[in-house]
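The values are calculated or read from the model by the stated rules, or taken from the named source; none is laboratory data. Worth saying up front: this structure is predicted, and the values here are computed from it rather than measured. Note: ideal-geometry Cβ built from the backbone for every residue, glycine included; neighbour counts use all protein chains shown.
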Amino acid sequence: MDDLRRKNRRLVLQLVLGGIFMFGFGFALVPLYDVFCRITGLNGKITNTGPVALDVADISRDVRVQFIGVNNETMPWEFRPLLNTVSVNPGEMRQMAYFARNPTANRMVAQAVPSVTPSEAAQYLHKVSCFCFDQQALEANERMEMPLLFVIDKKLPANIHTITLSYTLFDITPRLSTGQIKTDDTQRSTL
Amino acid sequence: MIKRVWLLPWIGWLVSLPASAAWEVNITQGATAIAREVYDLHMIIFWICVAIGVVVFGVMLWSIIHHRKSRGAQARNFHENTAVEILWTLIPFAILIAMAIPATATLIKMYDSTDADIDIQVTGYQWKWRYQYLGQDIDFFSSLTTPREQINNEAPKGEHYLLEVDNPLVLPVGKKVRFLFTAADVIHSWWVPDLSVKKDAIPGFINESWAIPEEPGIYRGQCTELCGRDHGFMPIVVEVKSQAEFDQWLADTRSAAQAQAASATEEWTLDQLIERGEQVYNTSCAACHQANGQGIPGAFPALAGSPMVMTDMDAHIDIVLNGKAGTAMQAFGAQLNAVDLAAVITYERNAWGNDTGDSVSPQRITELQQ
Amino acid sequence: MDTTLSPTVDTNEHGHGPAKGMGRWLFTTNHKDIGTLYLWFSLLMFLTGGCMALMIRAELFQPGLQLVQPDFFNQMTTMHGLIMVFGAVMPAFVGLANWMIPIMVGAPDMALPRMNNWSFWILPFAFSLMLSTLFMEGGGPNFGWTFYAPLSTTYAPPSVTFFIFAVHMMGFSSIMGAINIIATILNLRAPGMTMMKLPLFVWTWLITAFLLIAVMPVLAGVVTMMLMDIHFGTSFFNAAGGGDPVLFQHVFWFFGHPEVYIMILPAFGIVSEIIPTFARKKLFGYASMVYATSSIALLSFLVWAHHMFTVGLPLAGELFFMYATMLIAVPTGVKVFNWVATMFHGSMTFETPMLFALAFVVLFTIGGFSGLMLAIAPADFQYHDTYFVVAHFHYVLVPGAIFSIMAGAYYWLPKWTGHMLNERLGKAHFWLSFIGVNITFFPMHFVGLAGMPRRIPDYALQFADFNAVASVGAFVFGLSQLLFVYNIISCIRGGERATDQVWEGSHGLEWTLPSPAPYHTFSTPPVIK
């Protein structure tokens, strides 16, 4: 009987540990998913960021890059790309900018969330700098141009001719207390 | 009396029963090459399933009829046979491979969205769609036009009940159209069966799909991802036109937008604004605040008798234009033009006994937006 | 298998009967009492969820809004799903496991009787909490039983917090139940009861219990993430903070797909017990049944994204999940073939449990066929989130899981109560249910293919006729369940005395016990040769 009790206790312990492990595994799916997205370009998440070694552009090839600006529901800012489409040679560094204006009577903070389609192209779109890296704040009725510097990797598969880069602007003002906002003042230019 | 009104649609339904030939049982063959391919694929798998079903249920039925105790059947004593068991593992496996080959081919085609002629951004909102023709300067919302009376069984239902919108998506025939899907609030899903396009519109992310419509016509679809209260009330209507008609439509839509902008500089009388505002209110506001302005207690505030609507005009304009963070109140500044905004605010300040006599001019809205 | 019994009537200190009054049920650690509690609870939940289904079908009887408003309709679809999955099907299987597994393996009770008591008594609290949300301000959960973010986080009614706690409680209950079942099967088998001699019901439950321990914590994880997003400012599923709403779907379906098999594997077990009994012939391919069940369980971890074919997975992902999903048809097919082969050249009779089991085989297979169609990704774009899907999963869950539970109840009721059931009532219940189920769910294939999305309170006119038919069927099915309730109660109250073997063709340890089974059984383990 004691033998059985010991056996039961050991089994229960193992199963409980298994349960706890799987609870942890559920949370581990979050970073695992990010890794998975990076490998497959799932969801068009862009992870290639930061400085890049400059290379000779491949002028034999033109890639059309489309820009989209989306306002999430209660976001009242005016938000749009300065150009809808640019033609880029792979390997060439290009600058683009989005226009934003805060039409309200209050200071507001925004976060832009980037996404790329087709998702296979996401890993070849390299962003050197982007306004989406930081939160962006605008005073009442202030406007600015938010720059973006990017390179298309020369390894971009030959069957991809068009890449669409979308930014969705979220209002994160309610989630922040004013002190925590970090913005880069050099990016701002009051028009 | 109320009871009798409630009975009307029931009687109507009974009367219409013999007349309605709506026993549609299969998916559409569609209006694109891909949709037809999907239809063929669907039929192949269906018939394979039917064939397997006939064999399996046939054997079962035969046993039920012949191997029953009441017929004096004696149970035999076999209970395994390795050869048979391996066989009926391998045969289904082979059938599955035969199914997977055409399915893979079709899927690869569906994923090839390169070299599109037109790009259209489709954004899902609670509970309407927005279509933006990229680089074409065309941008409009598309909402349900079925009157509330039809939904509440107070009026007979029209032919396209729940499948009709104010501004349909217009496409040229024979051109490759690439759709870029995203959403502004929750996840929606854009489905038009005849184009065989169903893709989720996810807030913050972008998805794509494409279609080459082959025949001019009107194709209808619906949102297919539960997106809240009015999920069942955000249909999609696609109008496919010949190239010439499409070009004409582009030109008309652009000049209508210009006329709209011009009308914002005109003088509008209070009555004109109220009349127009009522229409705007019913398509854009009534779903939440209700046609009678009473809202829904606990969820959406009443506008009738609301202190803000009755007095504070600046706050009223601000909330309509910019929305209210943390609530379902959207920013309509980007969704409606200046005239519609002025009209709807004016209407709200004068309807349902609010009677303030206030009038908001389109010019005032235009100034605020610059 | 041949079994020789030591005396089953207790002579040791456990020989006392059940305690008197409410205390018996509150504090019981007896596996038969707890099994009974689980079964009554699940019946109550089945009727509750069923009333919600009838409300849905009444609203959908004809186009237009008649009875309920859209928001309440969404609460009904959500609650119906949650209650049927977590309140009716799962507790019913746990109840059957509690009653039958110790008896089938020759154990005196479950391995952990006190934990058994807790895992049941959590459930009434969990479901009271869940149902109470319907009366809270803003209403109950209205985001579907799959509660996709951000509809269930940023846009949810305030009651979502209580919904999350209720899910946590159910999760604890299920995991404790699963641990108990595994411990009983692995540690308490009678001497000579080797693994490959276990009845198939025990085998399928063993595998199910491992699935539960593997995925219920993931469900707990995903609702915890929701809770943190809602109340603690994290951004697991909020794109604005760097999260991803699609991640929610991946984590949810990583739980959700194995969950589907949690609701069907024990059903396979029950049917594999019943068919041999009434065919008077040994189950065909016992070993391949065990292997097929195990491979279905393993494959269930590799197919979750077939619920997400339209979220924009890359082509490679789409193909992988399509192939993996199609592969599940192979072991499932093996099981169906084995059942048919068991009937083949048997000597069949058609008592109520057998009728339900036969209907299970046919209708579950039809649900399997539509499942195979749904696995084909390009075609799934036309089926996804339409009534075709609703038809599919109701075919595998209602005439699948629910019919198997009813078959099991009718099959073992004489052993539980000591009385034979009213066969004529049972057959009436069967035929009404069988006809009702098909009238309800078969037309849903048609409206789905014709283009009707699921989870809508009102629909276009071309779907009207089939919806009216489906609603009539739903009321036939729903009302015929009253016969089931009546039959159970009258079987408990009295009826023809059941013999120990009950059914002519029955084999296994449970049929060597007296009917009704004594309060304590196998205190001295039987010896299995």
TODO: Among the residues of the range B:295-312, count how many are closer than 27 Å to residue C:135 by Cβ and within 14 Å of another protein chain (Cβ to nearest Cβ).
DONE: 7
TODO: Would you mention how many residues in the range B:54-78 are part of a loop (DSSP other than H, G, I, E, B), over 15 Å from residue C:282 (Cβ atoms) and more than 7 Å from chain C (Cβ to nearest Cβ)?
DONE: 1
Task: Criterion violated by residue C:354 - all others in (1) in contact with a strand residue (DSSP E or B) (Cβ under 9 Å, 6 or more places away or on another chain); (2) closer than 21 Å to residue C:201 by Cβ; (3) surrounded by 23 or more Cβ atoms within 10 Å (Cβ to Cβ); (4) facing chain B (nearest Cβ under 7 Å) satisfied - done: (4)
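Let's see how each residue does on (1) farther than 30 Å from residue C:510 by Cα; (2) more than 7 Å from every other protein chain (Cβ to nearest Cβ); (3) touching a residue at least 24 places away in the same chain (Cβ under 8 Å):
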residue	(1), (2), (3)
C:184	no, yes, yes
C:208	no, yes, yes
C:220	yes, no, yes
C:252	yes, yes, yes
C:255	yes, yes, yes
C:276	no, yes, yes
C:280	no, no, yes
C:295	no, yes, yes
- [ ] Would you mind stating whether residue C:366 is surrounded by 24 or more Cβ atoms within 10 Å (Cβ to Cβ), of a type outside the set (Gly, Ala, Ser), at the interface with chain B (Cβ under 8 Å from one of its Cβ atoms) and under 26 Å from residue C:440 (Cα atoms)?
- [x] no
Open item on the list: Please go through (1) in a loop (DSSP other than H, G, I, E, B); (2) within 20 Å of residue B:142 (Cα to Cα) for residue B:320 and return the number of the only condition it doesn't satisfy.
Closed with: (1)
TODO: Working only within the range C:28-44, note down all residues that are in a helix (DSSP H, G or I) and not aromatic (Phe, Trp, Tyr).
DONE: C:31, C:32, C:33, C:34, C:35, C:36, C:37, C:39, C:42, C:43, C:44
- [ ] Sort through B:323, B:305 and tell me the only one that's at pLDDT below 85, among the small types (Gly, Ala, Ser), in contact with an Asp or Glu (Cβ under 8 Å, 6 or more places away or on another chain) and closer than 26 Å to residue C:139 by Cβ.
- [x] B:323
- [ ] State the number of residues belonging to the range B:163-176 that are closer than 23 Å to residue C:64 by Cα and assigned to a strand (DSSP E or B).
- [x] 1
Task: From B:240, B:192, B:186, residue being crowded, with 24+ Cβ neighbours inside 10 Å and at the interface with chain C (Cβ under 8 Å from one of its Cβ atoms) - done: B:186
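Per-residue answers, yes or no, for (1) of a type in the set (S, T, N, Q); (2) in contact with a strand residue (DSSP E or B) (Cβ under 9 Å, 6 or more places away or on another chain); (3) modelled with pLDDT of 90 or more; (4) in a loop (DSSP other than H, G, I, E, B):
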| site | (1), (2), (3), (4) |
| --- | --- |
| C:458 | no, no, yes, yes |
| C:487 | yes, no, yes, no |
| C:519 | no, no, yes, yes |
| C:525 | no, no, no, yes |
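Residue-wise test of (1) out of contact with any Pro (no Cβ under 6 Å at 6 or more places or on another chain); (2) at pLDDT 95 or above.
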residue	(1), (2)
C:5	no, no
C:9	yes, no
C:25	yes, no
C:30	yes, no
C:41	no, yes
C:48	yes, yes
Task: Of all residues in the range B:163-183 being over 17 Å from residue B:230 (Cα atoms) and of a type in the set (A, V, I, L, M), the one that is farthest from the other protein chains (Cβ to nearest Cβ) - done: B:173
TODO: Please go through the range B:211-237 and pick out each residue that is over 16 Å from the mean Cα position of the chain (by Cα), surrounded by fewer than 22 Cβ atoms within 10 Å (Cβ to Cβ) and part of a strand (DSSP E or B).
DONE: B:217
TODO: Please state which of the following conditions residue C:446 fails to meet, knowing it meets all the rest: (1) farther than 22 Å from residue C:356 by Cβ; (2) crowded, with 24+ Cβ neighbours inside 10 Å; (3) of a type in the set (A, V, I, L, M, F, W, C).
DONE: (2)
- [ ] Out of B:303, B:336, report the one residue that is in contact with a His (Cβ under 7 Å, 6 or more places away or on another chain) and part of a loop (DSSP other than H, G, I, E, B).
- [x] B:303
TODO: Could you give me the residue pairs with C-beta distances under 9 Å whose first residue belongs to the range C:49-66 and is within 13 Å of another protein chain (Cβ to nearest Cβ), whose second residue is assigned to a loop (DSSP other than H, G, I, E, B) and among the acidic types (Asp, Glu) wherever it lies, and which are 6+ apart or on separate chains?
DONE: C:59/C:458; C:60/C:458; C:63/C:458; C:64/C:458; C:65/C:458
TODO: Would you be able to tell me the number of residues in the range B:336-370 that are touching a residue at least 12 places away in the same chain (Cβ under 8 Å), surrounded by fewer than 20 Cβ atoms within 10 Å (Cβ to Cβ) and within 14 Å of another protein chain (Cβ to nearest Cβ)?
DONE: 5
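Would you say residue C:152 is away from chain B (no Cβ under 14 Å) and hydroxyl-bearing (Ser, Thr, Tyr)? Write out each step before concluding.
Numbers: away from chain B (no Cβ under 14 Å): no; hydroxyl-bearing (Ser, Thr, Tyr): yes.
Judged against the criteria, residue C:152 is not a match.
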Open item on the list: Considering only the range B:362-370, I want to know if a residue exists there that is farther than 20 Å from residue B:257 by Cβ and of a type in the set (Ser, Thr, Tyr).
Closed with: no
